[in-house]
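Enquirer: Quick one: the structure is below, and I'll ask about it shortly.
Please treat every number below as a calculation from the coordinates, not as lab data. As the structure is a computational prediction, the values presented were derived from the model and not from experiment. Virtual Cβ from ideal backbone geometry, glycine too; neighbours counted across all protein chains shown.
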């Protein structure tokens with residue numbers, strides 16, 4: 001008859017419990033989130049707990065928008081805003097509480113500041129937020145006519161950019177359809193559509209342009225965000241720019 005198994009000591013059981021806790025893996029990636037939060041929070045654990053608490057509501061509100069004249073060409077301000085954004089976008093709880101409208105306002109700030117390179121990562125981030133519907137974006141009814149026009153243009157251009165991605169076989173759930181050769185037919189897809197409110201957003205008026213420095217206003221009375229810009233969606237609202245960063249893959 002074999003002897004009964006020896007009981008594990010309290011110290012050993014505690015060590016095993018701590019090891020399991022340290023190596024636990026969940027969809028929330030709490031351990032990885034703490035690592036990210038340590039980079040810019042004095043109390044990362046408290047910051048993580050706050051992310052778990054739906055106060056004042058589960059979805060984050062849109063921060064007070066920056067006035068166009070304040071962010072226009074202000075690279076330093078935009079860099080300060082983007083300093084820890086990559087870390088935040090890597091935290092599942094933060095992503096779950098983020099919203100499409102907040103993402104749009106971040107794109108607006110990137111364009112006005114001139115940091116167009118920030119549009120690429122933000123577009124990728126939006127694309128892989130599978131529950132974010134372009135058609136479901138509500139009318140922000142922004143009180144600033146310039147900001148309102150840019151937001152409407154961004155939504156309309158994102159519809160074009162996302163349908164372009166779908167036509168190439170890219171999918172928002174990362175189950176991409178890859179072609180064997182360039183001769184293979186493009187995969188079918190259900191095209192996306194945008195919300196109807198953008199169609200009623202007016203172009204930037206001469207009165208709206210009067211508050212901007214002359215170097216940002218063209219001879220034909222358009223807001224110049226990127227010299228020699230050719231995008232037609234923005235041109236319809238008197239904005240000169242390109243949108244290549246929305247089409248990175």
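Enquirer: Exactly one condition in (1) under 20 Å from the mean Cα position of the chain (by Cα); (2) closer than 30 Å to residue 145 by Cβ is not met by residue 33; state its number.
Expert: For residue 33, the failing item is (2).
Enquirer: Output the number of the condition that residue 191 fails; it satisfies all remaining conditions of (1) out of contact with any helix residue (DSSP H, G or I) (no Cβ under 6 Å at 6 or more places or on another chain); (2) farther than 17 Å from residue 107 by Cβ; (3) part of a loop (DSSP other than H, G, I, E, B).
Expert: The single condition residue 191 does not satisfy is (1).
Enquirer: Going through 52, 77 one at a time, which residue ends up being over 21 Å from residue 162 (Cα atoms), surrounded by fewer than 16 Cβ atoms within 10 Å (Cβ to Cβ) and in contact with a helix residue (DSSP H, G or I) (Cβ under 7 Å, 6 or more places away or on another chain)? Don't jump to the end; show me each part of the working.
Expert: Numbers: 77 fails: surrounded by fewer than 16 Cβ atoms within 10 Å (Cβ to Cβ).
Within the list 52, 77, the selection yields 52.
Enquirer: Going residue by residue through the stretch 174-182, is there one that turns out to be surrounded by fewer than 18 Cβ atoms within 10 Å (Cβ to Cβ), out of contact with any helix residue (DSSP H, G or I) (no Cβ under 6 Å at 6 or more places or on another chain), in contact (Cβ under 8 Å) with a residue 12 or more places away in the chain and assigned to a helix (DSSP H, G or I)? Break it down stepwise before answering.
Expert: Just the residues of the stretch 174-182 that are surrounded by fewer than 18 Cβ atoms within 10 Å (Cβ to Cβ), to begin with: 174-182.
Now drop any that are not out of contact with any helix residue (DSSP H, G or I) (no Cβ under 6 Å at 6 or more places or on another chain), which leaves 174-182.
From what's left, in contact (Cβ under 8 Å) with a residue 12 or more places away in the chain: 174.
If we keep only those that are assigned to a helix (DSSP H, G or I) too, we end up with none.
Scanning the stretch 174-182, I find no residue that is surrounded by fewer than 18 Cβ atoms within 10 Å (Cβ to Cβ), out of contact with any helix residue (DSSP H, G or I) (no Cβ under 6 Å at 6 or more places or on another chain), in contact (Cβ under 8 Å) with a residue 12 or more places away in the chain and assigned to a helix (DSSP H, G or I), so the answer is no.
Enquirer: While we're here: Quickly run through the stretch 72-112 and pick out the residues that are closer than 18 Å to residue 225 by Cα, free of Cβ contacts under 8 Å to residues at least 60 places away in the same chain and assigned to a helix (DSSP H, G or I). Steps first, please.
Expert: We begin by selecting, within the stretch 72-112, every residue closer than 18 Å to residue 225 by Cα; these are 72-79, 104-112.
From what is left, the residues that are free of Cβ contacts under 8 Å to residues at least 60 places away in the same chain are 74-79, 104-110.
Listed by number, the residues that qualify are 75, 76, 77, 78, 79, 104, 105, 106, 107, 108, 109, 110.
Enquirer: Additional query: Is it the case that some residue within the stretch 197-211 is surrounded by 10 or more Cβ atoms within 10 Å (Cβ to Cβ) and free of Cβ contacts under 8 Å to residues at least 12 places away in the same chain?
Expert: no
Enquirer: If I go through the stretch 121-146 residue by residue, how many of them are assigned to a helix (DSSP H, G or I) and either over 13 Å from the mean Cα position of the chain (by Cα) or farther than 20 Å from residue 194 by Cα (or both)?
Expert: Selection size over the stretch 121-146: 3.
Enquirer: Tell me which residues, restricted to the stretch 194-235, are outside any loop (DSSP other than H, G, I, E, B) and more than 18 Å from residue 157 (Cα to Cα). Walk me through how you get there before you give the answer.
Expert: Initially, the stretch 194-235 is screened for residues outside any loop (DSSP other than H, G, I, E, B), giving 196-200, 206-209, 214-217, 223-224, 232-235.
Listed by number, the residues that qualify are 206, 207, 208, 209, 214, 215, 216, 217.
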